[in-house]
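Asker: Attaching a single structure in structure tokens format; questions to follow.
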């Protein structure tokens, strides 16, 4: 008897460390920081950490939207195109009306994102097109539409008022605006997913769509809302992107959708829906940010970026599956 | 509803031939659409409906067609392969680099084909052994394969291939107006049609697509078939990559970037169900010509390629919506 009790306790510690993805990630990030600091003397200082946070903040915002979609067993490949379109739309408007208040510009971006996200949401929830196909279609349509509204031209720094460029450069209470935005967005969605009824319904729907339907959850509504919210976050990110890089281009952020998926997978969002947390996704994005930063510092050729990105996703997915399967064996059987 | 079992043909049993069902097939709608596009295109340009133009037009979508054939198989068994375009680029780059280092062009070509096949095999093994959903695996290799192509060739290009190699992608059979690429495609299409519709392997594919678990319990070698199809997908992508390189006589890591999207559009428009277990090679071939000719028509009226991608994106959505709407109307 005593033996089994001790064994059970040991299992539970094991479970806490490996089971809480966030703790495992923090440990992993700490190891990563030590290793990189040994390789490059420029890595370990406050300014560089601030740069890493700034560079990964836009990814964090979109990854939160991607996470909600993935919790419902979907995937949103249109995020980068939505970002580009909203950024371009707002960039064009601002370049013609210099007087627009920055807050209004942000709201306009979110509005554009809302419309695009709702269209994707409509295709998935009402028209019942599988998410992967619906979002591949909208990915192409939105990207094409970005070229169409801009005529292929850029909106560059000289065409934007300083107030607009200031959106991503200013500070609030000493915190850079970008990081401040991430904090606000994370808190809102942490509360939304953890304590608001609709947020909990997203998890319920993701873990078991049929059961969710039987207990009376508006399945179509949930499916629609996640894509809409993802669109809104992409719209916000689009404005921040254009402001940060001081240029709106038709091909902005192409390939970014893969990074958001990677951030989610690393952050512990299951591909089979039903699990994922805001802190996990933030840490996942941070890890990608650190890796990118380190590759630059160690002077790895930029041509390696895409391959390394693919490798990271592959390793994360494979490791994730193998670890969770080990768990299923260790833990007593319950559910599937 | 479907309570009456007498209406549903059992396994191994064919639906009795009836004119109504014969003409209600999706393929007929495609035939009508193809005719409409031909009429519109002929009105736009008097040169469209000429034998030489009709044959030359096929140059633009034969590589697409080769990948479409195998993607049909992949989607019928209920999976997807997002890595095809990247695999094309990787195979083409490997071939280009091998040729540049002084290897014989045909050996370089074989190396390219082997690379793609290996890539497809890798996808298949990870999907079946580690049991990860194909969307995730091929999304990772989508970026990995093209990434390796960039690592190998960076921003350079390989060109200066010998004329005998360029002949496969640009040449005609003898003095006739028939392109070599078209012949390759037709042979492959017939082969794929036979495999899908006339072989045990083909029946197994439909079975897996309809109910994977039941097929597994009935002794269908699901994993072996899945790996075979993904390996085939790698080979066909590599073949398309080689032909593409031969046609444009240059290779670089960013070729075929919008390929994936067009391939999926054509396959779904061809009546293959995205949920697996349904589809025919004839439908897919018709759909290939439909999209190919629509693009040709849009080019004739000077449509920029970005607008074209918006149009094809809308076609993709409509292609999935029409059967759903039709089914609902028929049920009512």
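Asker: Based on the alpha-carbon gyration tensor of the stretch B:59-256 and its eigenvalue square roots a ≥ b ≥ c, which shape applies: rounded if a/c is under 1.5, prolate if not and a/b is larger than b/c, or oblate?
Answerer: The shape class here is oblate.
Asker: Going by Cα centres, the stretch B:273-292 and the stretch B:205-248 are how many Å apart?
Answerer: Result: 16 Å between the Cα centres.
Asker: Please arrange A:119, A:44, A:205, A:214 by counting, for each residue, the other beta carbons lying within 10 Å of its beta carbon, fewest first.
Answerer: A:214, A:44, A:119, A:205
Asker: Please label the shape of the stretch A:103-163 as rounded, prolate or oblate, based on the square roots a ≥ b ≥ c of the eigenvalues of the alpha-carbon gyration tensor (a/c under 1.5 means rounded; beyond that, a/b larger than b/c means prolate, else oblate).
Answerer: Note, shape of the stretch A:103-163 comes out oblate.
Asker: Given the peptides A:69-77, A:287-295, B:120-128, arrange them by the average over their residues of other C-beta atoms within 10 Å, most packed first.
Answerer: Final packing ranking: A:69-77, B:120-128, A:287-295.
Asker: Where a ≥ b ≥ c are the square roots of the eigenvalues of the C-alpha gyration tensor, would you call the stretch B:180-332 rounded, which needs a/c under 1.5, or, failing that, prolate if a/b is larger than b/c, or oblate?
Answerer: Cα axes put the stretch B:180-332 in the oblate bin.
Asker: Find the all-direction average of the projected area of the Cα convex hull for chain B, expressing the result in square nanometres with one decimal place.
Answerer: 19.0 nm²
Asker: Okay, moving on. If one takes the longest principal axis of the Cα atoms in chain A, at what angle in degrees, from 0 to 90 and to the nearest 10, does the Cα axis of helix A:131-150 lie?
Answerer: Tilt of helix A:131-150: around 20 degrees.
Asker: Is there a simple number for the mean count of other chain Cβ atoms within 10 Å of the Cβ of residues in A:307-318, and what is it?
Answerer: Counting other chains' Cβ atoms within 10 Å and averaging over A:307-318 gives 6.
Asker: How well do other chains shield peptide A:125-134, expressed as the mean number of their Cβ atoms within 10 Å of each residue Cβ?
Answerer: Average per residue, whole number: 4.
Asker: Counting pairs of alpha carbon atoms under 8 Å apart in space and at least six apart in sequence, what relative contact order in percent does chain A give?
Answerer: With pairs under 8 Å counted, the relative contact order is 32 percent.
Asker: Please compute the volume of the convex hull spanned by the alpha-carbon atoms of chain A and report it per residue in Å³.
Answerer: It comes to 160 Å³ per residue, whole-number rounded.
Asker: Next question. With just the Cα atoms defining each centre, how far is the stretch B:83-105 from the stretch A:46-92? Give it in Å.
Answerer: 34 Å
Asker: For the ranges B:242-255, B:313-326, B:225-238, what's the packing order if you count other beta-carbon atoms within 10 Å of each residue, average per peptide, and put the highest first?
Answerer: Peptide ranking by packing, descending: B:225-238, B:242-255, B:313-326.
Asker: Dividing the Cα convex hull volume of the protein assembly as shown by residue count, how many Å³ per residue is that?
Answerer: In the protein assembly as shown, the Cα hull volume divided by residue count equals 208 Å³.
Asker: How many angstrom lie between the C-alpha centres of the stretch A:190-264 and the stretch A:111-160?
Answerer: 14 Å
Asker: Additional query: Measure nothing but the geometry: give the 0 to 90° angle between the long axis through the Cα atoms of A:256-266 and the longest principal axis through the Cα atoms of chain A, rounded to 10°.
Answerer: Orientation of helix A:256-266: about 20 degrees from the principal axis.
Asker: Provide the packing ranking of A:182-192, A:78-88, A:133-143, A:22-32, i.e. peptides ordered by the mean count of other C-beta atoms within 10 Å per residue, highest first.
Answerer: Put in order of decreasing packing, that is A:78-88, A:133-143, A:182-192, A:22-32.
Asker: I would also like to ask the following. Considering every residue in B:316-325, what mean count of other chain Cβ atoms within 10 Å of its Cβ is obtained?
Answerer: The shielding value for this peptide is 4.
Every read-out reported here was derived from the displayed coordinates using simple, explicitly stated rules and does not represent laboratory data. These figures come from a predicted structure and were not determined experimentally. Please note: Cβ atoms are built from the backbone with ideal geometry, for glycine as well, and neighbour counts cover all protein chains shown.
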